Amino acid sequence: NAGVTQTPKFRVLKTGQSMTLLCAQDMNHEYMYWYRQDPGMGLRLIHYSVGEGTTAKGEVPDGYNVSRLKKQNFLLGLESAAPSQTSVYFCASSYRNLAETQYFGPGTRLLVL
Amino acid sequence: SQQGEEDPQALSIQEGENATMNCSYKTSINNLQWYRQNSGRGLVHLILIRSNEREKHSGRLRVTLDTSKKSSSLLITASRAADTASYFCATVAGGTSYGKLTFGQGTILTVHP
C-alpha cells in the first residue's frame, strides 16, 4: 500500500493564480483532512470530509475549497492564491472516526510570490 | 482553545539519555495523541491514549495522561540519533465538543550521537 500520497511535492505560484492539490489514499478510509503547517503554528485544519461527497470547514477554511468526488481522493483548491497561503500542506486520512489515528501524506510545499 | 501546548519548545540531549516532553491542554478530551515529524516529512502517529487511561507503552515510548492536571507527557528512553524530530501532541475534544484533532506547536528534539 502506498498509504497517503500528495501531488505535487512543491509548487511556486504567483499571486492570483489558481491551483489544485491532490490527495489520494488507498486504505479505504472514510475520513480525509487538509492541514496547513506554518512555522511556530503547528498544524491547522483547513477542511475535512467524513465520506465521499461530503466536505466540512475546519479552523482556517477561508481562501480554500475542497471536493471529495471519490472516496480515495480529496482535492484542495486555491482559486486566487495569496502570499499568506505560502505554507506546507498536509493531507491525512482516518478509518471511520474523527478521533482516530490519522495517517499523513508527505506534504506539498507551496510558495506564493 | 483546545490546542495542546508542548513544553519545552526545544530539547537537546545526548544519545542514550531519556527525553521527556510535556503537553498541556485546556478542556476535557476524548483522547490525546502523539505524533512525530522528521524534517521535511509528514507526521507519523506514535501513541493514542484515551481519557480513561493513565499510561501507555510502545517500545521505548511511554505516555502518561493526568486528566486532573490536563497534561500528558511523552518519555523516550535510551534515545538514539534517529529520534531527532519534532514531536506533536494532538487532542480530541470530549463531551459536547467531541470532534477533530487539534495540534500543539510541537517540541523539537535533537539527539546528538
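Values quoted throughout were computed directly from the atomic coordinates according to the rules given, and no laboratory measurement underlies them. Bear in mind that the values here come from a model prediction, so they are computed numbers and not experimental data. Positions of Cβ are generated from backbone atoms using ideal geometry, with glycine treated the same way; all protein chains shown enter the neighbour counts.
So B:Thr67 ticks every box in (1) crowded, with 18+ Cβ neighbours inside 10 Å; (2) over 22 Å from A:Phe104 (Cβ atoms) but one. Which box is left unticked?
Result: B:Thr67 fails condition (1) only.
Okay, residues lined up against (1) surrounded by 13 or more Cβ atoms within 10 Å (Cβ to Cβ); (2) within 12 Å of chain B (Cβ to nearest Cβ); (3) in a strand (DSSP E or B):
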site	(1), (2), (3)
A:Leu22	yes, no, yes
A:His29	yes, no, no
A:Gly40	no, yes, no
A:His47	yes, yes, yes
A:Lys70	no, no, no
A:Gly77	yes, no, yes
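Condition (residue is away from chain A (no Cβ under 14 Å), buried (at least 19 other Cβ atoms within 10 Å of the Cβ), out of contact with any helix residue (DSSP H, G or I) (no Cβ under 7 Å at 6 or more places or on another chain) and touching a residue at least 12 places away in the same chain (Cβ under 8 Å)) applied to the stretch B:100-109: is it met by at least one residue? Reasoning before the result, please.
Of the residues in the stretch B:100-109, the ones away from chain A (no Cβ under 14 Å) are B:109.
Among the residues that remain, those that are also buried (at least 19 other Cβ atoms within 10 Å of the Cβ) are: B:109.
Within this subset, residues satisfying the condition of being out of contact with any helix residue (DSSP H, G or I) (no Cβ under 7 Å at 6 or more places or on another chain) are none.
No, every residue in the stretch B:100-109 fails to be away from chain A (no Cβ under 14 Å), buried (at least 19 other Cβ atoms within 10 Å of the Cβ), out of contact with any helix residue (DSSP H, G or I) (no Cβ under 7 Å at 6 or more places or on another chain) and touching a residue at least 12 places away in the same chain (Cβ under 8 Å).
Taking A:Ala92, is it closer than 27 Å to B:Arg50 by Cα, buried (at least 21 other Cβ atoms within 10 Å of the Cβ) and either out of contact with any helix residue (DSSP H, G or I) (no Cβ under 7 Å at 6 or more places or on another chain) or within 13 Å of another protein chain (Cβ to nearest Cβ) (or both)? Full working, then the answer.
Working: closer than 27 Å to B:Arg50 by Cα: yes; buried (at least 21 other Cβ atoms within 10 Å of the Cβ): yes; either out of contact with any helix residue (DSSP H, G or I) (no Cβ under 7 Å at 6 or more places or on another chain) or within 13 Å of another protein chain (Cβ to nearest Cβ) (or both): yes.
The answer is yes for A:Ala92.
Between a residue in the stretch B:14-28 that is at positive phi and any residue that is in a loop (DSSP other than H, G, I, E, B), which pairs come within a Cβ distance under 9 Å, given they are 6 or more apart or on different chains?
Filtered contacts from the stretch B:14-28: B:Gly16/B:Ala78; B:Gly16/B:Ser79; B:Gly16/B:Arg80.
Here is a check on your reading of the model: is B:Ser58 within 14 Å of another protein chain (Cβ to nearest Cβ), of a type outside the set (Lys, Arg), loosely packed, with under 13 Cβ neighbours inside 10 Å and free of Cβ contacts under 8 Å to residues at least 40 places away in the same chain?
On the way: within 14 Å of another protein chain (Cβ to nearest Cβ): yes; of a type outside the set (Lys, Arg): yes; loosely packed, with under 13 Cβ neighbours inside 10 Å: yes; free of Cβ contacts under 8 Å to residues at least 40 places away in the same chain: yes.
It is true that B:Ser58 is within 14 Å of another protein chain (Cβ to nearest Cβ), of a type outside the set (Lys, Arg), loosely packed, with under 13 Cβ neighbours inside 10 Å and free of Cβ contacts under 8 Å to residues at least 40 places away in the same chain.
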